Amino acid sequence: MKKFLALILALVMIAALTACGSGSGNSGTPTNSGETAEPASTGETYTLNFYHIFSGVGHEQEWIEKAIAEVSAQTDGHLVINCISDGTMGGEDELIPQVFSGSLDMSLSGPSVWGTNGGIDEIGWSELPYVVTNYSEMNALGEVLPELINKQLEEKSVDLYCLGAMSQGIRCLLTIDGKEVHSMADCKGLKIRVPSSDVYMSTVEAWGCSPTPMSSSQVITSLANGTIDGFESDPASITARGQQESFKYYIETNHIASLNLLMINKTNLEKLPAEYQQVLKDVFKQFCIDQCVDRVDANAAEIEVIKSAGVEVIELSPEALQEFIDADTAYQQEWIAQYGVEDIVAEAQAYVAANAK
């Protein structure tokens, strides 16, 4: 009897040790183990960490959560995406380098931010002024942008894969009372807040403005005390920061399309089972396209909020808008030539011309 009990106890211990060794799946990212992932048929669970700076109640997060739910559904819960928003896990200067190194799986940011952090500034071409000029063109660009970015990343052997492009909207010019703009001549000498970026500074400088780089948190105070005459932004960012009470005119210059890139570390991606990789790619590609389309109505609603604060929306005449476009053409073409992206931009523009609805 004692021998029998000893045998049973030994078997229980072996079973417990086996369970501890195999677990129910990877509790962290599959990339940290340094091993190739098992086939999906084994029932292994994989977790990807996705941290970004955008609002947890914003439009981007709404669509990210939809995509995450769909990925979970299509993998029977075996591919888990742990998404933390609002910059809780750090700013862009902290998160983006982690995706390059693979210590973080996924993040969302603008092309120029990815480019600056990775020494691949040439992927920032979609943020150039007047690559597109309206939401129809912007949505078409959003469809093809990930494919073109991946082509550039592959050519440079960069360990990233672009899953999709998410729309933040088209940026316009905002000015205070007494600084109404109906043509480029009205811009002469205006002190306009811009991000600390050569692209943004050069864009408004070409209009005759005096670019004034500063943090977005300083805009309201700087408008009130006369440090600046205006700034440029997109509708969702304006309302999210409560800036709609601080200016008088919303001028539809439509100068820069803000398409943020959703990137994943490529090595980490490829450690997932092949079928899970495909699910991730397919789901985020489609949901990002859908987000861009939905952003149009969402931004229209944001503009109504802005108008209700007493802001006057100024639609430029076709002739006046062309003045702004022409003014920025020299800088745009100089940048494209400097980084040798003529073919990529031409391919994008051809796609937009054929597919803008």
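Readers should treat all values here as calculations from the given coordinates under stated rules, not as data from a laboratory. A quick note: this is a predicted structure, and the numbers were derived from the prediction, not measured. As a convention, Cβ positions derive from the backbone with ideal geometry for all residues, glycine included, and neighbour counts pool all protein chains shown.
Sum up the charges of everything whose Cβ sits under 12 Å from the Cβ of SER72, counting Lys and Arg as +1 and Asp and Glu as -1, but leave SER72 out. Can you show the working numbers first?
Values: positive: LYS66; negative: GLU65, GLU70, ASP76.
Here the charged neighbours net out to -2.
Under the rule a/c < 1.5 gives rounded, and otherwise a/b versus b/c splits prolate from oblate, where does region 113-159 land using the Cα gyration tensor?
Numbers: a/c = 3.24, a/b = 1.73, b/c = 1.88.
Oblate, because a/c is 1.5 or more while a/b does not exceed b/c.
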Query raised in the report: For region 25-355, what is the percent of antiparallel DSSP beta bridges, rounded to the nearest 5?
Result: 55 percent
**Report entry** Kirkwood Rh and Cα Rg combined as Rg over Rh, evaluated for the chain
**Finding:** 1.09
Query raised in the report: How do the peptides 253-262, 217-226 rank, highest first, by the average count of neighbouring beta carbon atoms within 10 Å per residue?
Result: 253-262, 217-226
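Sort region 239-332 into rounded, prolate or oblate with this rule: let a ≥ b ≥ c be the square roots of the eigenvalues of the Cα gyration tensor; rounded if a/c is under 1.5, and if a/c is not under 1.5, prolate when a/b is larger than b/c, oblate otherwise.
Working: a/c = 3.11, a/b = 1.90, b/c = 1.64.
Prolate shape, in that a/c is at least 1.5 and a/b is the bigger ratio.
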Report task. Sort GLU155, GLU319 so the one with the fewest other Cβ atoms within 10 Å of its own Cβ comes first. Result -> GLU319, GLU155
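What net charge is computed for the residues neighbouring GLU62, neighbours being all others with C-beta under 12 Å from the C-beta of GLU62, Lys and Arg scored +1, Asp and Glu -1?
Details: positive: LYS66, ARG295; negative: GLU60, GLU65, ASP290, ASP294.
Around GLU62, the surrounding residues sum to -2.
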Requested in this report: As a check on your grasp of the helix formula, calculate [θ] at 222 nm for the chain: sum -39500 (n - 2.57) over DSSP H runs of n ≥ 4, divide by the residue count, round to the nearest 500.
Outcome: -15500 deg cm²/dmol
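Taking the Kirkwood radius as the inverse of the mean 1/r across Cα pairs, report the Rg/Rh of region 63-201.
Numbers: Rg = 18.3 Å, Rh = 17.8 Å.
Rg/Rh for region 63-201 comes to 1.03.
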**Report entry** Förster-model FRET efficiency, 22 Å R0, MET214 and GLU252, C-beta, rounded to 0.05
**Finding:** 0.40
Query raised in the report: Angle, helix 59-74 long axis vs. longest principal axis of the chain, Cα atoms, 0 to 90°, nearest 10?
Result: 30 degrees
Query raised in the report: Taking K and R as +1 and D and E as -1, what net charge do the other residues with C-beta under 10 Å from the C-beta of HIS52 add up to?
Result: -3
Query raised in the report: How would you rank GLU60, GLU334, going from fewest to most other Cβ atoms within 10 Å of each one's own Cβ?
Result: GLU334, GLU60
Query - Cα gyration tensor shape of region 310-357, rounded if a/c is under 1.5, else prolate or oblate by comparing a/b with b/c - result: oblate
Requested in this report: Please report how many Lys pairs in region 201-357 have alpha carbons closer than 20 angstrom, counting only residues at least 8 apart along the chain or sitting on separate chains.
Outcome: 6
